[in-house]
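Let me begin by handing over the structure; questions about it come next.
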Amino acid sequence: MNILVVGSPINQEEIISKFGEKHQITTFNDLTEITEEAFFKADVVFDFFIAEEPEALQFYEQRPDLTIFTNMAMSSFGNLKIFQSQTQNTVFGFNGLPTFAGREILECTIENALDKEKLSLMCGKLETDFEIVEDRVGMVTPRVICMIINEAFYTLQEGTAEKEDIDLGMKLGTNYPNGPFEWAEKIGIKNVYELLESVYEDTKEERYKICPRLKKEYLALV
């Protein structure tokens, strides 16, 4: 298949790592760079920015037959429809945060039950396993891992242990592949903070309130 990718260099690398051996991949940093040849040759699109820029869906309506995967880790179809009420394209959400997109199983959301069969057919063509999760801000894996990272920052803030000790303890105690601070570095503090912020705004649940130490590290980056 011909896969068109719109995203950051990190996003592009993950899709190439996951699909590059079996499919043809063309990458662009944003919509303005997409060539006519690449656009009309594509079988499927992985656009990491649509949840932030819903108006981009209007661009893809030049080809209503085109299937689009967009990073929905910090949004949902309900939120997307506030800004872009409808589209002729088939759109699936996927977990596109750094380190997640390239995993063996593609974590996906769908707008309605009728899209389940379409997603199954498309993932079959892409030759990837997939898992459908509830269409909620934060999906499942990002929400859980970012909560773990947030709790680790509370532990650090209280002076109970240092980052290296917390990482080691979590890996030995839970058999996780990464400690929470290692995960935060790979995912990106900015992404961790903004995902937790999005989930808190969506749910107003106290367990998603961001640790001041995490907020301090985030503000140092922006």
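The values are calculated or read from the model by the stated rules, or taken from the named source; none is laboratory data. Treat the numbers as computed from the prediction; the structure is a model and nothing was measured. A quick note on method: Cβ atoms are made from the backbone with ideal geometry, for glycine too, and the neighbour counts reach across all protein chains shown. In case anyone asks, the SASA skips ligands and DNA or RNA and just uses the protein heavy atoms, side chains included. Shrake-Rupley method; radii C 1.70, N 1.55, O 1.52, S 1.80 Å.
With charges set only on the Cβ (+1 for Lys and Arg, -1 for Asp and Glu), what does the dipole of the range 2-139 come to about its Cα centre, in debye to the nearest 20?
Working: 10 positive and 24 negative charges, 41 e Å.
I would put it at about 200 debye.
Projecting each Cα onto the charge dipole of the chain (Lys/Arg +1, Asp/Glu -1 at the beta carbon, about the Cα centre), which of Phe100, Ile68, Val140 comes out farthest on the positive side?
Val140
Could you give the distance between the Cα centres of the range 145-188 and the range 1-42, to the whole Å?
Centre-to-centre distance over Cα atoms comes out at 33 Å.
Taking amide H positions as placed in the peptide plane 1.01 Å from N, state which residues far from Thr67 in sequence (5 or more) or on other chains have amide H under 5 Å from it.
Answer set, sorted by chain and number: Val45.
For the range 25-184, state what percent of all Cα-Cα pairs lands in each successive 5 Å bin, counting from 0 Å until the bin that includes the largest distance.
2, 8, 16, 18, 16, 13, 9, 7, 6, 4, 1, 0
Here is a further query. Using DSSP to call loops (not H, G, I, E or B), can you name the GluC sites (Glu not before Pro) in the range 25-104 whose Cβ has at most 15 other Cβ atoms within 10 angstrom? Provide the component values of the computation, followed by the final result.
Numbers: sites: Glu33, Glu36, Glu37, Glu52, Glu55, Glu61, Glu104; in loops: Glu52, Glu55, Glu61, Glu104.
Those that pass, being in a loop and sparsely packed, are Glu52, Glu55, Glu61, Glu104.
Taking Cα pairs under 8 Å and at least six residues apart, what relative contact order does the range 1-45 come out at, in percent? It would help to have the intermediate numbers written out before the result.
Values: 56 pairs, mean separation 26.2, N = 45.
Relative contact order for the range 1-45 comes out at 58 percent.
Using 7 Å Cα-to-Cβ label points, what is the Tyr176/Leu221 separation (nm, one decimal)?
Label at Tyr176, label at Leu221, 1.6 nm between them.
Rolling a 1.4 Å sphere over the protein heavy atoms, what is the accessible area per residue of the chain, to the nearest Å²? If you can, show how the numbers build up before the last one.
Values: 11490 Å² over 222 residues.
That works out to 52 Å² for each residue.
How big, on average over all directions, is the shadow cast by the Cα convex hull of the range 43-135, in nm²? Please report the intermediate quantities before stating the final value.
Working: hull surface 21.9 nm².
Computing the convex hull of the Cα atoms and averaging its projections yields 5.5 nm².
Calculate how many DSSP beta bridges within the range 1-156 are antiparallel, expressed in % of all such bridges and rounded to the nearest 5. Please report the intermediate quantities before stating the final value.
Details: 2 of 24 bridges.
Percentage antiparallel, nearest 5: 10.
Between Lys116 and Lys186, how high is the FRET efficiency from 1/(1 + (r/R0)^6) when r is the Cβ-Cβ distance and R₀ = 41 Å? Nearest 0.05.
Plugging the Cβ-Cβ distance into 1/(1 + (r/R0)^6) gives 0.85.
Points 7 angstrom from Cα along the Cβ direction at Tyr154 and Glu33: gap in nanometres?
My value for the distance between the label points is 4.0 nm.
Sticking with the crude label model, points 7 Å out along Cα→Cβ, report the distance from Ile10 to Arg103 in nm, one decimal please.
1.6 nm
Using only the Cα atoms of the range 144-222, build the gyration tensor, take square roots of its eigenvalues as a ≥ b ≥ c, and label the shape rounded, prolate or oblate: rounded if a/c is under 1.5, else prolate if a/b is larger than b/c, else oblate.
Values: a/c = 1.64, a/b = 1.50, b/c = 1.10.
Judged from the Cα gyration tensor, the range 144-222 comes out prolate (a/c at least 1.5, a/b above b/c).
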